[in-house]
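Enquirer: A single structure is presented below for examination.
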Amino acid sequence: MFQVAQRASQRRDVFHTNFLTPPIVKECMLAIEKLADIKAVAQGGYPQGERGAQVLVDPELVDYLTSTLEKVGKVGVSCTQIPLLALEYEPPRTKSFKTVESSLRVDALGSAGFKISRTKLASLISAGDVRVNWSPVSKNGVTLKAGDVVSVSGMGRLKIGEIVTTRKGKYAVELIRYL
């Protein structure tokens with residue numbers, strides 16, 4: 001626990017730990033409060049935290065679950081229906097950057113987005129490891145458009161943003177990489 005506190009102090013960043021029992025939390029809070037640069041916050045669990053979960057279910061099961069589900073394991077639970085638009089979720093972390101390419105082919109934009117060579121991406125395409133809009137790509141000459149999503153197995157996903165033609169006839173493309 002103190003190692004996490006020291007890292008937080010040195011890096012001036014927020015850190016969190018795994019679940020801790022109430023006695024350990026109390027002991028750690030007292031010890032960490034002595035360090036002037038760190039503010040410790042107990043969140044979730046005892047006694048302040050109220051835990052919860054959101055589950056998407058078939059509309060036919062909503063009435064059944066809200067009326068009968070009372071425990072999950074040994075923990076008492078209550079179920080309520082909320083509108084789909086009220087779901088709380090964390091948006092995906094992304095990194096956005098621009099590149100200028102001579103073509104809109106999947107090998108050109110994919111290599112720029114994943115920071116690998118076109119040859120390496122071409123070999124991944126021929127191996128069947130590249131998908132455009134969740135459909136496998138077999139040729140590296142597939143032309144991409146704004147809104148397309150390129151997925152490479154083991155490397156992640158990349159969304160094609162705005163495409164603008166430059167004065168020299170090249171393409172300035174915004175790439176959004178999912179982290």
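Enquirer: With a Förster radius of 45 Å, plug the Cβ-Cβ distance of GLU101 and ALA31 into 1/(1 + (r/R0)^6) and report the FRET value to the nearest 0.05.
Expert: 0.25
Enquirer: Quick one: which residues, 5+ away or cross-chain, put their amide H under 5 Å from the amide H of MET155? H built at 1.01 Å from N.
Expert: none
Enquirer: From the backbone phi of region 91-96, what are the Karplus-calculated ³J(HN,Hα) couplings (6.51 cos²θ - 1.76 cosθ + 1.60, θ = phi - 60°) in whole Hz, Gly and Pro given as x?
Expert: Per residue, the Karplus-derived 3J(HN,Hα) values read x, x, 7, 9, 10, 10 Hz.
Enquirer: For THR99, what is the net charge nearby, where nearby means another residue's Cβ is under 14 Å from its Cβ and Lys, Arg count +1, Asp, Glu -1? Provide the component values of the computation, followed by the final result.
Expert: Values: positive: LYS95, LYS98, ARG105, LYS115, ARG118, LYS159, LYS170, ARG177; negative: GLU101, ASP107, GLU162, GLU174.
With Lys, Arg at +1 and Asp, Glu at -1, the net is +4.
Enquirer: Would you list, by chain and number, the lysines whose Cα falls below 21 Å from the Cα of LYS159, excluding same-chain residues fewer than 8 positions away?
Expert: Within the straight-line limit of under 21 Å, LYS159 reaches these lysines: LYS95, LYS98, LYS115, LYS120, LYS139, LYS145, LYS170.
Enquirer: Around ILE176, under 12 Å between beta carbons, what's the net of Lys plus Arg minus Asp minus Glu among the other residues?
Expert: Net charge in that neighbourhood comes out at +3.
Where a number appears in this text, it was derived from the coordinates with a stated rule and is not lab data. As the structure is a computational prediction, the values presented were derived from the model and not from experiment. Don't worry about glycine lacking a Cβ; one is built from the backbone with ideal geometry, like all the others, and counts go over all protein chains shown.
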